[in-house]
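Heads up, the thing below is written out as structure tokens.
The values are calculated or read from the model by the stated rules, or taken from the named source; none is laboratory data. Computed from a predicted structure; not experimentally measured. Every residue, glycine as well, gets a Cβ built from its backbone with ideal geometry; the counts of neighbours run over all protein chains shown.
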Amino acid sequence: MPRLLLINPSNTHKGLGNIRATAFPPMNLPYLAAVTPSSYQIEVIDENIQPFAYR
């Protein structure tokens, strides 16, 4: 089964204090995941919520 990793990069704009702020939730990656063929194993990561270690 092919795998697809979609990553929303972190936002460098800081909101109140050290909390990262985004004006709108990222909707582009869920849309891409929805139209991807069901034969793919898809993982969506939002770096504003969950850090991602690049290999």
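Restricting to the range 34-55, give me the number of residues that are more than 11 Å from the chain's Cα centre (by Cα) and either under 12 Å from N8 (Cβ atoms) or part of a loop (DSSP other than H, G, I, E, B) (or both). Walk me through it before giving the result.
Looking only at the range 34-55, we keep the residues that are more than 11 Å from the chain's Cα centre (by Cα), and these are 34-42, 53-55.
Still in the list and also either under 12 Å from N8 (Cβ atoms) or part of a loop (DSSP other than H, G, I, E, B) (or both): 36-40, 53-55.
Residues meeting the conditions: 8.
Quick one: which residue in R55, R3 is basic (K, R) and modelled with pLDDT under 90? So that I can check it myself, show each step before the final result.
Working: R3 fails: modelled with pLDDT under 90.
Step by step, each of R55, R3 is checked, and only R55 is basic (K, R) and modelled with pLDDT under 90.
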Within the set of pairs 6 or more residues apart or between chains, which connect a residue that is closer than 11 Å to L5 by Cβ inside the range 44-55 to a residue that is modelled with pLDDT under 85 with Cβ atoms less than 7 Å apart? I45/F52
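Looking at the range 31-46 only, could you name the residues that are touching a Lys or Arg at 6+ places or on another chain (Cβ under 9 Å) and surrounded by 14 or more Cβ atoms within 10 Å (Cβ to Cβ)?
Initial filter on the range 31-46 (touching a Lys or Arg at 6+ places or on another chain (Cβ under 9 Å)): 40-43.
Passing the criteria: only I42.
State the number of residues belonging to the range 13-46 that are on the phi < 0 side of the Ramachandran plot and modelled with pLDDT under 85.
Of the range 13-46, the ones on the phi < 0 side of the Ramachandran plot are 13-16, 18-46.
Now restrict to residues that are modelled with pLDDT under 85: 13-16, 18-26.
Within the range 13-46, residues that are on the phi < 0 side of the Ramachandran plot and modelled with pLDDT under 85 number 13.
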